[in-house]
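To keep things clear, I will list the structure first and then write my remarks on it.
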């Protein structure tokens, strides 16, 4: 069985690397992206099974990226990871197709759960 491919999309390199390192420890292969444009232009996009997507980024932000993934009929799961504890962000993300919205402070504890989703 091959390692799942997970995209970590965050403009903050510290957060991106922290999540990526934990995912690699869990056996995933990680595609690191600085923003939504980098994710959408990645050659491996169709092989990505899980996207951890920051909501607030310069350039193509989380909402715009999520909508574009949906328009492209992306088949993987998208989990929004945000610093905002805002019910409106959760509602907007869910309406745009996110499987869940996690606070950055709780993301590490839930990575294994989302990595094992089918």
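The values are calculated or read from the model by the stated rules, or taken from the named source; none is laboratory data. None of these values were measured; they are calculated from a predicted model. Quick reminder, even Gly has a Cβ in these numbers, built from the backbone with ideal geometry, and neighbours come from all protein chains shown.
List of remarks:
- Listed by first and then second residue, the pairs linking a residue in region 89-118 that is on the phi > 0 side of the Ramachandran plot to a residue that is in a strand (DSSP E or B), with Cβ atoms under 8 Å apart and 6 or more places separating them unless they lie on different chains, are 97/78.
- A count restricted to region 96-112 and to residues that are in a loop (DSSP other than H, G, I, E, B) and either at pLDDT 95 or above or touching a strand residue (DSSP E or B) at 6+ places or on another chain (Cβ under 6 Å) (or both) stands at 2.
- Among the candidates 47, 13, 21, 64, residue that is farther than 25 Å from residue 116 by Cβ, surrounded by fewer than 16 Cβ atoms within 10 Å (Cβ to Cβ) and modelled with pLDDT of 95 or more: 13
- Some residue of region 81-103 being buried (at least 18 other Cβ atoms within 10 Å of the Cβ) and within 13 Å of residue 7 (Cβ to Cβ): yes
- Any chance residue 62 is in contact with a strand residue (DSSP E or B) (Cβ under 8 Å, 6 or more places away or on another chain) and over 24 Å from residue 14 (Cβ atoms): no
- Residue check: residue 57 meets all listed conditions (1) out of contact with any strand residue (DSSP E or B) (no Cβ under 7 Å at 6 or more places or on another chain); (2) surrounded by fewer than 17 Cβ atoms within 10 Å (Cβ to Cβ); (3) on the phi < 0 side of the Ramachandran plot but one, namely (2).
Matching residues to (1) under 21 Å from residue 106 (Cβ atoms); (2) over 12 Å from the mean Cα position of the chain (by Cα); (3) assigned to a strand (DSSP E or B):
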{"site": "16", "(1), (2), (3)": "yes, no, no"}
{"site": "21", "(1), (2), (3)": "yes, yes, no"}
{"site": "52", "(1), (2), (3)": "yes, no, yes"}
{"site": "64", "(1), (2), (3)": "no, yes, no"}
{"site": "68", "(1), (2), (3)": "no, yes, no"}
{"site": "78", "(1), (2), (3)": "yes, no, yes"}
{"site": "84", "(1), (2), (3)": "yes, yes, no"}
{"site": "89", "(1), (2), (3)": "yes, yes, no"}
{"site": "94", "(1), (2), (3)": "yes, yes, no"}
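- Of the residues making up region 68-80, those that are buried (at least 16 other Cβ atoms within 10 Å of the Cβ) and over 11 Å from residue 102 (Cβ atoms) are 68, 69, 74, 76, 77, 78.
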